[in-house]
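Encoded as structure tokens, the structure appears first; notes follow it.
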Amino acid sequence: MDIADAIEMDLVEIHALLERAEEAASTADESTAARCLEELIWALEAHAQAERRTLYEPCIEAGGDLRAYVERSHRRLDAAARELNTLRGRHDPRGREVFATARSLVRHHARDEEAVLLDELRRRVPEFERAAMAVAFIIVRDRILAELRGRPSGNFADPAPLPSGPGFNDGEVLR
């Protein structure tokens, strides 16, 4: 796996989250819809930041013909996240329009990225470097997701729930 594969796989997951959030917004209860939307926004943010740090910054530093593309590319993901952040709950009348706009922005970002940047990357960067970039992308993305979820960045697994109820001190730490 190289960074192009990692990015493409992450974008597939973002599309799935977008579909899940859109469906939840029209069919699920308010808390489920809010959770799905929150996960989608976090995934967009983590993807964008990880790409900036592990792919775009090196391209910008290298200069050349990819610089302008790189600077323009993430405006779409940023715009998608901003649009989704404007939703005001499950019954927001703009829901369909906002999801359609976000889906279009993510799709255009992915298509442009595949057509330009990832193809150029595969041509210009040796395979072993692209593999190392993939590892960096995944680590950075997962750390950002952990931070957004309010978890320590070194622990990506869901913590086991604390026992509660009679005899367990209602989940409080015993002193």
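The values are calculated or read from the model by the stated rules, or taken from the named source; none is laboratory data. It should be emphasised that the depicted structure is a prediction, and the values quoted were computed from it without experimental measurement. Cβ atoms come from the backbone with ideal geometry, glycine included; neighbour counts cover every protein chain shown.
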Self-check item: Every residue from the range 73-124 that is in contact (Cβ under 8 Å) with a residue 40 or more places away in the chain and of a type in the set (A, V, I, L, M, F, W, C)
Solution: 81, 84, 87, 99, 102, 106, 110, 116, 117, 118, 121
Self-check item: Filter result (outside any helix (DSSP H, G or I) and farther than 17 Å from residue 45 by Cα) within the range 107-149
Solution: 125, 126
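Going by the conditions given, is residue 170 exposed (fewer than 12 other Cβ atoms within 10 Å of the Cβ), modelled with pLDDT under 85, in a helix (DSSP H, G or I) and of a type outside the set (A, V, I, L, M, F, W, C)? Show your work before the answer.
Values: exposed (fewer than 12 other Cβ atoms within 10 Å of the Cβ): yes; modelled with pLDDT under 85: yes; in a helix (DSSP H, G or I): yes; of a type outside the set (A, V, I, L, M, F, W, C): yes.
Yes.
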Quiz item: When both residues are 6+ apart or on different chains and their Cβ atoms are under 7 Å apart, which pairs have a first residue that lies in the range 10-25 and is modelled with pLDDT under 90, and a second that is buried (at least 16 other Cβ atoms within 10 Å of the Cβ) and outside any helix (DSSP H, G or I)?
Solution: 25/90
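So, of the residues in the range 112-132 that are surrounded by fewer than 12 Cβ atoms within 10 Å (Cβ to Cβ) and not aliphatic (A, V, I, L, M), which turns out to be modelled with the lowest pLDDT? Quick ask: steps written out before the conclusion?
Pass one, the range 112-132, residues surrounded by fewer than 12 Cβ atoms within 10 Å (Cβ to Cβ): 115, 123, 126-128.
Within this subset, residues satisfying the condition of being not aliphatic (A, V, I, L, M) are 123, 126-128.
Details: 123: 81, 126: 87, 127: 91, 128: 91.
Looking at the filtered set, the residue picked out is 123.
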Quiz prompt | Positions within the range 19-39 being under 21 Å from residue 105 (Cα atoms) and either of a type in the set (Asp, Glu) or touching a strand residue (DSSP E or B) at 6+ places or on another chain (Cβ under 6 Å) (or both), in sequence order | solution = 19, 22, 23, 38, 39
Quiz item: What's the number of the condition residue 45 fails, among (1) modelled with pLDDT under 80; (2) under 19 Å from residue 145 (Cβ atoms)?
Solution: (1)
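Restricting the range 26-37 to residues that are in a helix (DSSP H, G or I) and of a type outside the set (Ser, Thr, Tyr), which is modelled with the lowest pLDDT? It would help to see each step written out before you state the result.
Initially, the range 26-37 is screened for residues in a helix (DSSP H, G or I), giving 26-27, 30-37.
Restricting the remaining residues to those that are of a type outside the set (Ser, Thr, Tyr) gives 30, 33-37.
Working: 30: 77, 33: 81, 34: 82, 35: 86, 36: 86, 37: 86.
Going through the qualifying residues, I end up with 30.
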